[in-house]
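Report on one structure; see the data block that follows.
Every number in this text was worked out from the coordinates using simple rules, so none of it is lab data. This is a predicted model, so every value here is computed, not measured. A quick note on method: Cβ atoms are made from the backbone with ideal geometry, for glycine too, and the neighbour counts reach across all protein chains shown.
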Amino acid sequence: MASPPPPDDALSVEGLEHLFASLNQASGIVAAVSGGPDSTALMHLLARWHEAGSRPPVLVATIDHGLRPEAAEEAAFVAREAGALGLPHRILAWTGDKPRTGIQAAARDARYRLLADHAHAAGASHLVTAHTLDDQAETVMMRLARGSGLSGLSGMRRETERHGIIHARPLLDWPKARLLDLCRGQGWRFVEDPSNANALYARVRWRGLMPLLAAEGLDADRLARFAERAARADEALDLKAREALERAGFSDAGGHLSFEGGILASEPFEIALRVLEQALSRAGLALDNSRLNRLESCAERLRRAIGAGQALSLTVAGALVRLDPSGRVSIRPEPPRRRGR
């Protein structure tokens, strides 16, 4: 895990270059700034980095989810602060009906969709957010509680693709406390979002538990290190699964995907599971963590049927998966279900 530069070097040209090195080749950068201390620090650091040399354009964007009356005022505050730094700013509003349940997940999806659309329209290749070491630790614990597999326990990646845009998290090694101290020490103004203290939200509840876990030795730094190790293992297993899928004679003929099912029985279960997951992904069907149990059950049934020399047909993630008598597995979209009268 890369360490953030020492406090004295955080604002130096060298420190900023180290922090944002991966952004130098961007065609443009959209920085998501809510006005809180984390994203405010990110905005100021990006502004200083941008001024220090020939850099890609930096655009600041604030999402107004329309969920709190203060949100519009906070977005206007960010616009003024960005303008003072010489950075262009846009307010992106989440309009339309809002769900009554799962509001945080829906807001997150809407936020990233709006930011990616804005990046595409501006010709920017990168989206930058201010996720921190503490955010990473909370994410790992939340996913562990939901029964996530190794991929989920890898936490947030430093860079990932999202809606055709590279999503970078340069502050992922920085504790929140350090960013707060930086804002206060530099006199960078920020706002406090009351939803960050609302125990109705799962992340807020987990945040309240983190000091208790840290007292037992499970602090944010150790959780983040665990996520990094899980990410390395996850990457290695995915590579082995890709190699296994190619050895199985994977074929995509006119949208009809198939491979030799014997690979599911000959490989360790985790590799077999990922072979099936990757085949589904190539068919345009992705599974979230909530469907991991279903995928595991599907892989187990296929392995048993292959061992017994039996045919099998089942559905998972909107796909029809068939094992024919010759031992070949095919995947195609599940046909529409007929409804009774």
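What relative contact order, as a whole-number percentage, does the chain give when Cα pairs under 8 Å and 6 or more residues apart are counted?
14
Packing-wise, with mean Cβ within 10 Å as the measure, how do 108-119, 88-99 rank, highest first?
Sorting 108-119, 88-99 by mean packing, highest first, produces 108-119, 88-99.
Peptide packing: for 73-83, 198-208, 310-320, the average count of neighbouring Cβ atoms within 10 Å per residue gives the ranking 73-83, 310-320, 198-208, highest mean first.
Taking amide H atoms as placed 1.01 Å from N in the peptide plane, the amide H of VAL191 lies under 5 Å from those of GLY36, each 5 or more residues away in sequence or on another chain. Taking Cα atoms only, the orientation of helix 133-145 departs from the longest principal axis of the chain by about 30 degrees. Near the amide H of VAL316, within less than 5 Å, lie the amide hydrogens of VAL321, all on another chain or at least 5 residues away, with H placed in the peptide plane. Only Lys, Arg, Asp and Glu carry charge here, each on its Cβ (+1 for the first two, -1 for the last two); on that basis the chain has a dipole of about 1540 debye about its Cα centre.
Angle of helix 202-215 to the longest C-alpha principal axis of the chain, folded into 0 to 90 degrees and rounded to 10: 80°. Simple rule: put +1 on each Lys or Arg Cβ and -1 on each Asp or Glu Cβ in the chain, find the dipole, and look at MET141, ALA319, ALA199; the Cα lying farthest toward the positive end is ALA319. Against the chain, whose longest principal axis is taken from its Cα atoms, helix 269-282 shows a tilt of about 80°. Calculated mean residue ellipticity at 222 nm for the chain: -15000 deg cm²/dmol, from DSSP H runs with n ≥ 4 weighted as -39500 (n - 2.57), summed, divided by the residue count and rounded to 500. With no solvent and one point on each alpha carbon, what is the Debye value of log10 I(q)/I(0) for segment 24-171 at q = 0.10, 0.18 Å⁻¹? Treating every Cα as an identical point scatterer, log10 I(q)/I(0) equals -0.36, -1.15.
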